[in-house]
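Accompanying notes for the structure given below.
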Amino acid sequence: VTSAATGQDLLRRARAGHVPSTSQLITALEARTPLGAAILAEVFAAGGNAHVVGVTGAPGSGKSTLVSAFAHELRSRGARVGIVAVDPSSTLSGGSILGDRIRMQRHVLDEGVFVRSMSSRGRLGGLSRATVDAVAVLDAAGWDVVVVETVGVGQADVEIVQIAHTTLVVSVPGLGDDIQAIKAGLLEMADLHVVNKVDRPDANKTMAELLTMLHLGPQPAPGAWAVPVLGTVGLDGTGVADLVDGVERHLEWLRTSGELERRQRANAAARIRAVTRDLLLEEMDAQAGDEFEELIEAVASRRQDPHSASRQLIRSVAARQRDLERTA
Ligand SMILES: Nc1nc2c(ncn2[C@@H]2O[C@H](COP(=O)(O)OP(=O)(O)OP(=O)(O)O)[C@@H](O)[C@H]2O)c(=O)[nH]1
Ligand SMILES: [Mg+2]
């Protein structure tokens, strides 16, 4: 049996609702097995129906707890929910992944919720290709809503916007400095602001501050999306029904305003760029070993400049690719 046939089999079963097949597909893509490579095109072609919701915000703001409550509410409305939790690359935690598993425990017996934790270890920042591929698998397998949780530091937040249709930025009451941090990086990327832990003091103040900050920006044009600020208690589900309403309203707005197509094009462009960059670097490492060493010498001794060295490498990689394709 070829990898492609096995892959098609897995995809067919995943699409029929077989959860272990979904899991195996994600693993195959993550491990870059031949099966994974063989099925990627079909996975991609089968997708495009899921509502992808990104959740980001400061560490410990309650994202995982909230995502769990969010999934619970969606389940009660009949949706099947896939969750991809990207663990920060921290060596401290295994703990954090475990924590996510425990918080997500209530869903373990529910075939309508799928939870996958992934480490972002080994990345300098940003979403790994494995994360993006996991979202593609869940989408292809027919999960209605796919939630991606990333921790609110660095590049991953910027990139979550590139795969999510709707981005939630989670903050918590009472941390004045955090609001400043949100102002710096996360304010513009939120489609909905969530202030979680509103059972704590100063919740109203924090929500008011966020609203003020949003109103300091340019006034939304007529027909534009007005970013709401919603309060939640992830622990007991307070405010979560309103949050789901808001997220569904946002999807509706994306569809009717034409923004959905615009975002899909922007996402496609970002993916092509990211994969091209990754592939070039990989190919360079895999194929251009000796030439790379020579160029390092040449540039270090200033016989050659870095630009022309880089161009030369890209040409070599391209030439080798052509050779490979001809012999394949
Ligand atoms: N008081 C209160 N505590 C909460 C609420 N939601 C979550 N917590 C607590 O906040 C802590 C962190 O929650 P997590 O869900 O792990 O937060 P997180 O943002 O996913 O954390 P990281 O993924 O590690 O960044 C836990 O102890 C939760 O029990 C809430 O609404 N109110
Ligand atoms: Mg978490």
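The values are calculated or read from the model by the stated rules, or taken from the named source; none is laboratory data. Predicted, not measured: the structure shown is a model, and the values here were computed from it. Neighbour counts run over all protein chains shown; Cβ positions are idealised from the backbone, glycine included.
Take residue 80 and decide whether it is modelled with pLDDT of 90 or more and touching an Asp or Glu at 6+ places or on another chain (Cβ under 7 Å).
yes
Kindly indicate which of 225, 253 is touching an Asp or Glu at 6+ places or on another chain (Cβ under 9 Å) and assigned to a helix (DSSP H, G or I).
253
Filter the range 190-204 for residues that are closer than 26 Å to residue 224 by Cα and more than 16 Å from ligand 2 (Cβ to nearest atom); which is farthest from the chain's Cα centre (by Cα)?
204
What's the number of the condition residue 89 fails, among (1) touching a Ser or Thr at 6+ places or on another chain (Cβ under 6 Å); (2) modelled with pLDDT under 60; (3) part of a helix (DSSP H, G or I)?
(3)
Taking residue 313 as meeting all but one of (1) crowded, with 17+ Cβ neighbours inside 10 Å; (2) within 30 Å of the chain's Cα centre (by Cα), write down the number of the exception.
All conditions pass for residue 313, except number (2).
Taking residue 274 as meeting all but one of (1) under 28 Å from residue 69 (Cβ atoms); (2) among the small types (Gly, Ala, Ser); (3) part of a helix (DSSP H, G or I), write down the number of the exception.
Result: residue 274 passes all but (1).
Does the range 243-256 include one or more residues that are touching a Gly at 6+ places or on another chain (Cβ under 8 Å) and at pLDDT 95 or above? If you could, list the steps in order and put the result at the bottom.
Here is the first cut: in the range 243-256, the residues touching a Gly at 6+ places or on another chain (Cβ under 8 Å) are none.
So far as the range 243-256 goes, no, none of its residues is touching a Gly at 6+ places or on another chain (Cβ under 8 Å) and at pLDDT 95 or above.
Take the range 208-222 and flag every residue that is closer than 19 Å to residue 189 by Cβ and outside any loop (DSSP other than H, G, I, E, B). Walk me through it before giving the result.
Going through the range 208-222, the residues closer than 19 Å to residue 189 by Cβ turn out to be 209-221.
209, 210, 211, 212, 213, 214, 215, 216, listed by residue number.
Pull up the range 18-48, narrow it to residues that are within 16 Å of the chain's Cα centre (by Cα) and modelled with pLDDT of 90 or more, then point me to the one that is nearest to residue 117 (Cα to Cα).
Residue satisfying both the conditions and the ranking: 26.
Which one of 57, 48, 17 is at positive phi, out of contact with any Asp or Glu (no Cβ under 8 Å at 6 or more places or on another chain) and of a type outside the set (Phe, Trp, Tyr)?
Within the list 57, 48, 17, the selection yields 57.
Tally the residues that are hydroxyl-bearing (Ser, Thr, Tyr), within 16 Å of ligand 2 (Cβ to nearest atom) and assigned to a loop (DSSP other than H, G, I, E, B), restricting the search to the range 25-79.
Adding up the residues that qualify gives 1.
All but one of (1) over 27 Å from residue 17 (Cβ atoms); (2) modelled with pLDDT under 90 hold for residue 207, so report the exception by its number.
Against the list (1) over 27 Å from residue 17 (Cβ atoms); (2) modelled with pLDDT under 90, residue 207 comes up short only on (2).
Are there any pairs with C-beta distances below 7 angstrom linking a residue in the range 205-226 that is surrounded by 10 or more Cβ atoms within 10 Å (Cβ to Cβ) to a residue that is among the charged types (D, E, K, R), with the two at least 6 apart or on different chains, and if so which?
Pairs that qualify, where the first residue is surrounded by 10 or more Cβ atoms within 10 Å (Cβ to Cβ) and the partner is among the charged types (D, E, K, R), are 213/183; 225/191.
Suppose we filter 299, 317 for residues that are farther than 23 Å from residue 189 by Cβ and touching an Asp or Glu at 6+ places or on another chain (Cβ under 6 Å); which single one remains?
Just a single option satisfies the conditions, and that option is 317.
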